[in-house]
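Structure record follows, encoded as structure tokens.
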Amino acid sequence: YLVYKLFNVLTDTSFRVRLLKINYLDVTGKRKPVTQSGFFIEPVEVMALRTNSTVVKATNLTQKHIASANMNRVAIFFYMISQWDWSVPGLHNVAVLMPMNPDHSGLGIAVPYDFDLTGIVNPGYGFPDEKMGIKSNRDRLFSGICRSREEFAKALEEFRDHKETFYSVINDFQYLDQKAKKDITGFLDQFFNQLDNQKDVERLIGLFLKSCKTL
């Protein structure tokens, strides 16, 4: 739920979510009621209507078919939260919208979803394949398309500018205890500490350039 709220910070072209308290009742009366938290996710068709877009269902897309600024944002967001389980081809954990604005470039807008395997969530299941070169959900892997150093630097500025808002979303969430908040913000610190000075930013961009996809 909170990861969706974090991406909401960056753009309105993102899935809205609503927190729920769910009561499960055994209609046979054999078990006591169980109460758990959950959340609704905005249907992609509703998001498309809200953003004056249409839903792209083609599964033969690549990152080249996505608007560059948007694709950079999504790829770096995935790196920040340590999401290794995604792909534009096949629309795996990424929805694609096409703006209906007649002046639009004709390139799609990628919208991420399904964050249960991310490092920021850190589940006890669904570990990455060893072939990916990472050993745990909290090992970050950049899988975005290759860009120039200048493009990556500009994209990273957006994240640095929104750092305090990201942390507020987490720290102001009343349903997490302090231990969980500290764990999440500490994990994000590993990313944001790389944006503290130009030398560290250049080092991070160098990492992106080593692992980015040439399409």
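The values are calculated or read from the model by the stated rules, or taken from the named source; none is laboratory data. Just so you know, these numbers come straight off a predicted model, no measurement behind them. Methodologically, a virtual Cβ is constructed for each residue, glycine included, from the backbone with ideal geometry; neighbour enumeration extends over all protein chains shown. When the accessible area is computed, the model is the full protein with side chains, heavy atoms only, and any ligands, DNA or RNA have been set aside. Shrake-Rupley method; radii C 1.70, N 1.55, O 1.52, S 1.80 Å.
Can you give me the accessible area per residue for the stretch 73-117, using a 1.4 Å probe, in Å²? Here the per-residue accessible area is 33 Å².
Exposed loop positions in the chain were taken to be chymotrypsin sites (Phe, Trp or Tyr not before Pro) whose DSSP state is not H, G, I, E or B and which have at most 14 other beta-carbon atoms within 10 angstrom. Between these positions, the longest stretch is 1-124. When the chain is treated as a Gaussian network with alpha carbon springs shorter than 10 Å, the biggest mean-square fluctuation among L156, L20, L91 belongs to L20. Between I41 and D177, the simple label model (points 7 Å from Cα in the Cβ direction) yields a spacing of 2.8 nm. Model label sites at K32 and A69, defined 7 Å from Cα along the beta-carbon direction, differ in position by 5.4 nm.
The lysine pair count for the stretch 57-215, using Cα distances under 17 Å and pairs eight or more places apart or on different chains, is 8.
Using all pairs of distinct alpha-carbon atoms, the Kirkwood hydrodynamic radius of the stretch 93-161 works out to 15.2 angstrom. Counting only DSSP beta bridges with both residues in the chain, the antiparallel share comes to about 90 percent.
Can you give the local net charge around E150? Use residues other than it whose beta-carbon is closer than 12 angstrom to its beta-carbon, Lys and Arg +1, Asp and Glu -1. Here the count lands on 0. Measuring max minus min along each principal axis, the C-alpha atoms of the stretch 49-183 give extents of 49, 36, 33 Å (largest first). Each part reduced to its alpha carbon centroid, the stretch 149-215 and the stretch 30-105 end up 20 Å apart.
Report the percentage of all Cα-Cα pairs in the stretch 1-99 whose separation exceeds 21 Å, rounded to a whole percent. Result: 45 percent of Cα pairs exceed 21 Å. With the chain treated as a Gaussian network of Cα nodes joined by springs under 10 Å, which of R73, R138, R203 yields the largest mean-square fluctuation? Sorting by GNM fluctuation, first place goes to R203. Using 0.36 nm per residue and subtracting the Cα-Cα separation, the extra length available between M100 and K213 on full extension is 37.8 nm.
The portion of the accessible surface of the chain made up by carbon and sulfur, rounded to a whole percent, is 51 (1.4 Å probe; DNA, RNA and ligands excluded).
A simple count of charges around N70, restricted to other residues whose Cβ falls under 15 Å of its Cβ and scoring Lys, Arg +1 and Asp, Glu -1, yields +1. Note on F127 and V55: with the Förster distance fixed at 22 Å, the Cβ-Cβ geometry gives a FRET efficiency of about 0.10.
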